[in-house]
1. Which three extents, in angstrom, do the Cα atoms of the stretch 130-178 have along their principal axes, listed largest first?
2. What angle do you read, to the nearest 10 degrees and between 0 and 90, between the alpha-carbon axis of helix 99-109 and the longest principal axis of the chain?
3. So what is the diffusion coefficient of the chain in µm² per second by Stokes-Einstein at 4 °C and 1.567 mPa s, using a Kirkwood Rh over Cα pairs?
4. Alpha carbons only, please: Rg and Dmax for the stretch 30-137, in angstrom.
5. Taking the Cβ of each residue in 84, 275 as the centre, tally the other Cβ atoms inside 10 Å and list the residues starting with the fewest.
6. For the stretch 294-319 and the stretch 165-222, what is the centre-to-centre distance using only Cα atoms, to the nearest Å?
7. Taking neighbour counts of Cβ atoms within 10 Å as a proxy for exposure, in what order, fewest first, do 285, 10, 68 appear?
8. Which value at 222 nm does the chain reach when only helices count, each DSSP H run of 4 or more adding -39,500 (n - 2.57), with the total divided by all residues and rounded to the nearest 500 deg cm²/dmol?
């Protein structure tokens, strides 16, 4: 029915007052019937104005007893009423007011496509020295393991199946390197997801790997070139290093349910690629060469820090492995 909710925005949040207003305002400014959008803010116990701001924009606030965003997404999947879910973080902002309308047009024109990825994440103003790098690469480990190029369109050129007026359709086969769709306003068809996976659809494993699971079954992905998102991440140097440490810790100790650990548990190719990163880092010359290459290519001197980030990840990973082996985990970690 035309008056049913179509898009469910699932937005994990925790002490997000600095950015959540921008994110929600960009949703409410969309030239798309607002009665067909629901916003679910899944809050991990914020002690700032996060939930107050969420209420101001008509969001439904759901309490998340765990602060990690993966658990929040699971709650959102369980309670979403829309046909398509959009995984939008509380610091992600649409760059134009037509992006949801354009996605709906693409969906209507391509019934075999059940997930849509954002093309690029762009740094918002005043986000800190590491913001551009975080948006382009994520982190040094992801840069190597997933062969990140900062653009879904660029990363998936060899999988391009069809270019249409509404956007690009990409087709994969079993064993291909599927794109990452963990956040960044990725959209997927929750009806199709439930149809394919039944009772498994809202388990933590399937929530973490929702895009990958869909691609493994349907083999199609959509991306609209220029469908970009401003990412207002808190990415000063100190904060970014804390984010890296959090990711490393939970990849190694999260029971194969988070991030790379979940993908490696599900795919032996990804599991073996961790050694590729170790060899890359130990080569010394390759991280330095990539730092210079990215700084020139992106016309941004802050990319020279790639060399520093690479060795920080290597050192913290080594330290975490030792802690795990000697059972010295103190559990004191936060995401930025």
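Only the coordinates and a few stated rules stand behind these numbers; no lab work does. In this text the structure is predicted, and so the values were computed from the model without any measurement. Every residue, glycine among them, receives a Cβ derived from its backbone with ideal geometry; neighbour counts consider all protein chains shown.
1. Sorted from largest, the Cα extents of the stretch 130-178 read 35, 27, 10 Å.
2. 70 degrees
3. Details: Rh = 20.4 Å.
Reported coefficient: 63 µm²/s.
4. 15.4, 44
5. Details: 84 24, 275 9.
Ranking 84, 275 by Cβ neighbours within 10 Å, fewest first, gives 275, 84.
6. Taking the Cα centre of the stretch 165-222 as reference, the centre of the stretch 294-319 is 30 Å away.
7. On the way: 285 7, 10 27, 68 19.
In increasing order of surrounding Cβ atoms, one gets 285, 68, 10.
8. Details: 15 runs with 151 residues, N = 336.
Mean residue ellipticity at 222 nm (helix-derived): -13000 deg cm²/dmol.
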